[in-house]
1. Can you pull out the residues in segment 241-266 that are out of contact with any Leu (no Cβ under 9 Å at 6 or more places or on another chain) and either crowded, with 21+ Cβ neighbours inside 10 Å or closer than 19 Å to Leu161 by Cβ (or both)?
2. So which residues in segment 42-78 are in contact with a His (Cβ under 9 Å, 6 or more places away or on another chain), of a type in the set (Asp, Glu) and within 16 Å of ligand 2 (Cβ to nearest atom), if there are any at all?
3. Only one of Asp159, Asp174, Asp165 is away from ligand 1 (no atom under 16 Å from the Cβ) and in contact with a helix residue (DSSP H, G or I) (Cβ under 7 Å, 6 or more places away or on another chain); which?
4. So, in segment 100-156, of the ones that are in a strand (DSSP E or B) and within 16 Å of ligand 1 (Cβ to nearest atom), which residue ends up surrounded by the fewest Cβ atoms within 10 Å (Cβ to Cβ)?
5. Name the one entry in Thr3, Thr49, Thr45 that is over 16 Å from the mean Cα position of the chain (by Cα) and free of Cβ contacts under 8 Å to residues at least 12 places away in the same chain.
6. On the basis of being within 14 Å of the chain's Cα centre (by Cα) and farther than 23 Å from Leu268 by Cα, does Ile150 make the cut?
7. Do we have Ala171 as crowded, with 24+ Cβ neighbours inside 10 Å, within 16 Å of ligand 2 (Cβ to nearest atom) and closer than 26 Å to Thr156 by Cα here?
Amino acid sequence: MNTGSISITPLYSGSSGNAILVSSNETKILIDAGMSCKKLVENLTMVGTNPFDLNAVLITHDHSDHISALDVFSRKFSIPIYATRQTWRGIHAAERKPHSPAIDNEIIPDEAVEIGGIRVIAFSTPHDAEGSCGYRLETSRFNVAVATDIAYMSPTVYDHLLGCDGVLLEANYDKDMLWNGPYPYYLKQRIAGNGGHLCNDDCAATAASLCKNGTKHFMLGHLSQENNLPQVAERTVLRALLNESLRRDTDFTLAVANRYVPTAPMILE
Ligand SMILES: [Zn+2]
Ligand SMILES: [Zn+2]
């Protein structure tokens, strides 16, 4: 029976690799396939999911931390894959051996597709990968969204997060840690620039604004290994939410996705 409940389980999250499982009663959708096929299958198994049971894999963009498991995974499991036209170019270019074209599906931002009773909408993200996108997923009762690899909170991204019950949102770097950190200057500029990643402060401001508009559940993801710490990201976002007189566990829940192991799911039911 479709009860409309939905959950988000990050399998691993960060600049080292990303994979997020979104599940409803009868549907399982994977968002991104970073790291290796072996690690992906291992972590899916840890959360009780057989890769053959996935209905679809949605890819956000062609950076290796989002697709490096896909070459082997796509040939081994033949699960339908969705990506924008530009992202497909990158996926095909990165493959050592081609997979069956029968599983390729092109997704167009703002054109909803239905996958196993879940309405999936891709939305364009500002990032230095052509055709990059985030995803909003809707059941009869709940809306959730996954938005990482966003240089800044564009109106398009914000509009798609608005009205979601739960969001997984990027908190990539702490500004002080980035600018005082070990990265070469050009890389610091890339991360903080218009094709880079979302800083903790911008994530926090977005979370506060969304929470005032009804979003209750926040999971922070895609943290930088060098320029952030889970405690720093969490503290920054928590402070912004508390500053709006919002109460933890009453008005909102807040968690940080683990870098290498599955995180306790965000469950909407
Ligand atoms: Zn990226
Ligand atoms: Zn990334």
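Where a number appears in this text, it was derived from the coordinates with a stated rule and is not lab data. Small disclaimer: the values here were computed from a predicted structure and weren't measured. Virtual Cβ from ideal backbone geometry, glycine too; neighbours counted across all protein chains shown.
1. Once the filter is applied, which keeps residues that are out of contact with any Leu (no Cβ under 9 Å at 6 or more places or on another chain) and either crowded, with 21+ Cβ neighbours inside 10 Å or closer than 19 Å to Leu161 by Cβ (or both), segment 241-266 yields Glu244, Leu246, Thr253.
2. Asp65
3. Asp174
4. Ser124
5. Working: Thr3 fails: free of Cβ contacts under 8 Å to residues at least 12 places away in the same chain; Thr49 fails: free of Cβ contacts under 8 Å to residues at least 12 places away in the same chain.
Criteria check complete, one pass: Thr45.
6. Numbers: within 14 Å of the chain's Cα centre (by Cα): yes; farther than 23 Å from Leu268 by Cα: yes.
In short, yes.
7. Spelling it out, Ala171 is indeed crowded, with 24+ Cβ neighbours inside 10 Å, within 16 Å of ligand 2 (Cβ to nearest atom) and closer than 26 Å to Thr156 by Cα.
Residues checked against (1) more than 16 Å from ligand 2 (Cβ to nearest atom); (2) free of Cβ contacts under 8 Å to residues at least 24 places away in the same chain; (3) over 24 Å from Arg119 (Cβ atoms):
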residue: Tyr12; (1), (2), (3): no, no, yes
residue: Ile20; (1), (2), (3): no, no, no
residue: Thr27; (1), (2), (3): yes, no, no
residue: Gly34; (1), (2), (3): no, no, yes
